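Shown next, in structure tokens, is the structure this report addresses.
The values are calculated or read from the model by the stated rules, or taken from the named source; none is laboratory data. Small disclaimer: the values here were computed from a predicted structure and weren't measured. Cβ placement follows ideal geometry from the backbone for every residue including glycine, while neighbour counts extend to all protein chains displayed.
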Amino acid sequence: MAYDQKNIFAKILRGQIPCETVYEDDYVLAFEDINPQAPVHVLIIPKGPYENMTEFSTKATSEEKAAFIGAIGVVVKLKEIDESGYRTIVNNGDDSMQEVPHLHIHVLGGRRLGGLLSSSV
Ligand code: 5GP
């Protein structure tokens, strides 16, 4: 399926919708989640039009991949959760209940985060 240029994160990247920026470089934007699930909840997105991790991991350039992973380290240090611990989550497609069809890493921390999944079924 073609990348949806009208998704909410594409609009944030175009400056059509505001966000609270945590970090930005040539390849990535990191911003506060609008509905935080933990004291720290930041979303890191590539600036390129990648719907999910499958698209990104198979089509992104080495520079884009390095920047995307590198941004995790920058963000957790900026938010001071690098020592207390944190969780990264990437939802991909229907079974994961991905809501926004633009690749994003959730970075969660600032409290005990509980089990990996809400249900084992
Ligand atoms: P997903 O379920 O796709 O992995 O997560 C989408 C995330 O995007 C959710 O955590 C949701 O709160 C966040 N989100 C949805 N719309 C907006 C928005 O307009 N601004 C920001 N900052 N976050 C959003």
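Of all the residues that make up the stretch 61-95, how many are exposed (fewer than 12 other Cβ atoms within 10 Å of the Cβ), polar (S, T, N, Q) and either within 16 Å of the ligand (Cβ to nearest atom) or part of a helix (DSSP H, G or I) (or both)?
Result for the stretch 61-95: 1.
Determine which member of the set G48, G15 is at positive phi and more than 9 Å from the ligand (Cβ to nearest atom).
Of the residues listed, the single one that is at positive phi and more than 9 Å from the ligand (Cβ to nearest atom) is G15.
If you go through the stretch 3-58 one residue at a time, how many are of a type in the set (D, E) and either in contact with a Pro (Cβ under 6 Å, 6 or more places away or on another chain) or over 22 Å from Y86 (Cβ atoms) (or both)?
Adding up the residues that qualify gives 4.
Which of (1) more than 19 Å from N92 (Cβ to Cβ); (2) touching a residue at least 40 places away in the same chain (Cβ under 8 Å); (3) surrounded by fewer than 19 Cβ atoms within 10 Å (Cβ to Cβ) does P18 not meet, given it meets every other one?
Tallying (1) more than 19 Å from N92 (Cβ to Cβ); (2) touching a residue at least 40 places away in the same chain (Cβ under 8 Å); (3) surrounded by fewer than 19 Cβ atoms within 10 Å (Cβ to Cβ), P18 fails exactly one: (2).
Kindly indicate whether E51 is under 21 Å from G93 (Cα atoms), outside any helix (DSSP H, G or I) and not basic (K, R).
In short, yes.
Got a number for residues in the stretch 88-116 being modelled with pLDDT of 95 or more and over 16 Å from V28 (Cβ atoms)?
Counting residues in the stretch 88-116 that are modelled with pLDDT of 95 or more and over 16 Å from V28 (Cβ atoms) gives 17.
Among the residues of the stretch 53-94, how many are farther than 17 Å from T21 by Cβ, charged (D, E, K, R) and in contact (Cβ under 8 Å) with a residue 24 or more places away in the chain?
Result for the stretch 53-94: 4.
Looking only at the stretch 105-119, count how many residues are surrounded by 12 or more Cβ atoms within 10 Å (Cβ to Cβ) and either more than 13 Å from the ligand (Cβ to nearest atom) or farther than 10 Å from V42 by Cβ (or both).
Residues in the stretch 105-119 being surrounded by 12 or more Cβ atoms within 10 Å (Cβ to Cβ) and either more than 13 Å from the ligand (Cβ to nearest atom) or farther than 10 Å from V42 by Cβ (or both): 4 in total.
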